[in-house]
Amino acid sequence: MKAFVDPDLCIGCTQCAGICPEVFSMEGTLAVAQPGELPGELVPTAIDAAQNCPVSAITVSE
């Protein structure tokens, strides 16, 4: 699984970084996801962060 933050949708609320800081971080005013495959143990938390994004800017997919 990989995570992606759409920079055109992200409003920089920091919620994803708060929920799953191992995958999401802030670069300036926007969130970014760690590149590459997510470790399996982080997938559920990354999905939780995506589901809690207020503007649906995050996707977690194969």
Give me a comma-separated list of calculated 3J(HN,Hα) values for region 39-55, in order, Karplus coefficients 6.51, -1.76, 1.60 applied at θ = phi - 60°, integers in Hz, x for any Gly or Pro. x, x, 5, 8, 4, x, 6, 5, 5, 4, 4, 4, 5, 8, 5, x, 10
With the Cα gyration tensor of region 4-48 in hand, give its eigenvalues times 5 under a square root as the equivalent ellipsoid semi-axes, listed largest first in whole angstrom. 18, 11, 9
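Treat every Asp and Glu Cβ in the chain as -1 and every Lys and Arg Cβ as +1, leave all other atoms uncharged, and give the resulting dipole magnitude about the Cα centre to the nearest 20 debye.
On the way: 1 positive and 8 negative charges, 22 e Å.
Around 100 debye, computed over the chain.
Using the Cβ atoms and a cut-off under 12 Å, what net charge is assigned to the surroundings of Val43, where Lys and Arg are +1 and Asp and Glu are -1? Intermediate values should be presented prior to the final figure.
Details: positive: Lys2; negative: Glu22, Glu37, Glu41, Asp48, Glu62.
Residues close to Val43 contribute a combined charge of -4.
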Lys/Arg Cβ at +1, Asp/Glu Cβ at -1, dipole of the chain taken about the Cα centre: which of Gly36, Cys53, Val23 is farthest positive-ward? Cys53
Hits in region 42-62: amide N under 13 Å from the 7 Å Cα→Cβ extension of Phe4, namely 57-62
Let me check against my output: what whole-number percent is the relative contact order of the chain, with C-alpha pairs under 8 Å and at least 6 apart? 47 percent
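Coordinate-derived values only; no laboratory data. The model shown is predicted, which means the values in this text are computed figures rather than measured ones. For neighbour counting, all protein chains shown are included, and Cβ atoms are generated from backbone atoms with ideal geometry for every residue, glycine included.
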